[in-house]
Amino acid sequence: MAKLVVQGKKRLEGKLQVHGAKNSVLPILAAGLLSKGCVIHNCPQLTDVDAACDILEYLGAKTKREGDTIAIQPQDSGNCCIPDELMRRMRSSIVFLGAIIARCGHARLSMPGGCELGPRPIDLHLGALERLGVKIEEDHGYLNCTAPKGLAGAVIPLPFPSVGATENIMIAASLAKGETVIKNAAREPEISDLADFLCACGAKVQMGRNGDICVQGVPALGEAEHTVISDRIAAATYLSAAAATGGDITLAGICTEHLSAVLPCFEEMGCSVWQKADEIRLKAPDRLHALRCIRTMPYPGFPTDAQSPLMAAACVADGSSMFIENIFESRYKQVPELLRMGADIKVEGRVALVHGVPELHSAQVRCTDLRGGAAIVIAALAAQGQSEILEIGHIDRGYERLEESLSSVGAAIRRVH
Ligand code: EPZ
């Protein structure tokens, strides 16, 4: 098993190019199943992306990666189910459901396992697809989905702006008969990126100003070429690492607007932030100030995926920072590992209170999930001494060669196999 070895207390300085967005490329790859062939640029090299390509291949689409570009060529026939081992490799494999049903008229896949963030229900996905005419039966941990009369457009009010449910509906509705209106749809930038891709393929998707998404079904999708947006969460992660090490870094190739809820937090911590449309420079003070209160919310609120990286920086700030995790039930798995490094954090349900300490110390720690793992790396970068970080497979799901990126701006971090 590989691990990361980190010698802490090195200031991060320099310029980084941020990779394409994991949470954008995954639904776009799923939607690519419905195209006549597509070329997707700026695809990050992530194990979740590899898993998505394996699912596409299983479903009968040829995929070919050349650098950061993935070409998808769907074949006329293919499977209409996702086997359990493929479902379990990637949490968000549920986003293929809408595409499979739209393509085959039926689908069979296993219930995604509960995972590191607490239960990951899919009731909003299933309820929405039923409104489009899908019949769903549970069968010993599998879901048998059929659309006997095909998919028909409908008004779908989402009780919560679920990102994945919104994506599933957009994809399935693209080939449904008639109009679909998603009310209270998710508004994350990745949703707009998926809409842009679907429209490039010939779908008719409109993002309403009131947050609704309207989809006019079309008989078939065509060919398309698309460039995936930059990963705003990876950007927030690198900024957190610079903040935690008193660093001075510039991020290029990003969309600054996507970080509008995150940048003020770094300024509150005493960092200087300079921004252009596609570039951000952050210069951190030697000692950060605490954050009064961070509430995670659906976009454009503070993103839940940036909660743990920012918490790592708050561990070495002056004062106490409060985090309120409103999106996932259990997203503080990184806390016990941070405590091993000398952090002072109290968790009560959805609230975490972080009391800044003068210094963290090195330890042997384990990644618990993707963003929690990133937080543990950030803490090791700020800690005195050499840390070993295990279970780094979690990190490789969502960060492209994290140790190489961090080393390029001065971190003493290496992967040991
Ligand atoms: C997407 O997950 C992202 N993953 C997550 O990023 C991100 O944290 C999340 O959106 C919120 O922004 C991908 O895009 C691949 P949700 P998703 O449906 O679609 C509950 C990362 O680290 N819910 O918006 O699963 C759910 O339990 C990952 O990159 C239901 O109750 O998020 C959660 O509490 C982690 N029923 C909340 O809604 C449902 O049917 C938000 O879930 C669906 C969701």
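Entry remark, the range 158-181: residues being away from the ligand (no atom under 12 Å from the Cβ) and crowded, with 24+ Cβ neighbours inside 10 Å number 7 in total. One residue alone among D50, D54, D76, D84 is assigned by TED's automatic domain parsing to the domain that holds G133 and under 30 Å from E279 (Cβ atoms), and that residue is D50.
Within the option set I294, I280, I324, I345, being out of contact with any Lys or Arg (no Cβ under 7 Å at 6 or more places or on another chain), among the β-branched types (V, I, T) and within 16 Å of the ligand (Cβ to nearest atom) holds for one residue only, I294.
Table: residues versus (1) at pLDDT 95 or above; (2) crowded, with 16+ Cβ neighbours inside 10 Å; (3) out of contact with any Gly (no Cβ under 7 Å at 6 or more places or on another chain).
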position: K3; (1), (2), (3): yes, yes, yes
position: G8; (1), (2), (3): yes, yes, no
position: V18; (1), (2), (3): yes, yes, no
position: N23; (1), (2), (3): yes, yes, yes
position: I28; (1), (2), (3): yes, yes, yes
position: G32; (1), (2), (3): yes, yes, yes
position: E66; (1), (2), (3): yes, no, yes
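Contact map, the range 295-321: first residue without any contact (Cβ under 8 Å) to a residue 40 or more places away in the chain, second residue within 16 Å of the ligand (Cβ to nearest atom) and charged (D, E, K, R), Cβ cut-off under 6 Å, separation 6 or more or different chains; pairs are T296/E325.
Kindly evaluate G217 against the criterion of being at pLDDT 95 or above, away from the ligand (no atom under 13 Å from the Cβ) and surrounded by fewer than 23 Cβ atoms within 10 Å (Cβ to Cβ). It is true that G217 is at pLDDT 95 or above, away from the ligand (no atom under 13 Å from the Cβ) and surrounded by fewer than 23 Cβ atoms within 10 Å (Cβ to Cβ).
Among helices (runs of 4 or more DSSP H) entirely within the range 245-340, having at least 1 residues that are touching a Ser or Thr at 6+ places or on another chain (Cβ under 7 Å) singles out 307-314, 335-340. The combined condition, being under 20 Å from A147 (Cβ atoms), small (G, A, S), crowded, with 17+ Cβ neighbours inside 10 Å and within 12 Å of the ligand (Cβ to nearest atom), is not fulfilled by S110. Only residues that are outside any helix (DSSP H, G or I), of a type in the set (D, E, K, R), out of contact with any Leu (no Cβ under 7 Å at 6 or more places or on another chain) and surrounded by fewer than 21 Cβ atoms within 10 Å (Cβ to Cβ) were counted in the range 182-214, giving 4. Considering only residues that are crowded, with 19+ Cβ neighbours inside 10 Å and more than 16 Å from the ligand (Cβ to nearest atom), which ones fall in the range 123-146? Once the filter is applied, which keeps residues that are crowded, with 19+ Cβ neighbours inside 10 Å and more than 16 Å from the ligand (Cβ to nearest atom), the range 123-146 yields only G133.
The values are calculated or read from the model by the stated rules, or taken from the named source; none is laboratory data. Keep in mind that what you see is a predicted model, and the values were worked out from it rather than measured. Ideal geometry is used to build each Cβ from the backbone, glycine not excepted, and the neighbour counts take in all protein chains shown.
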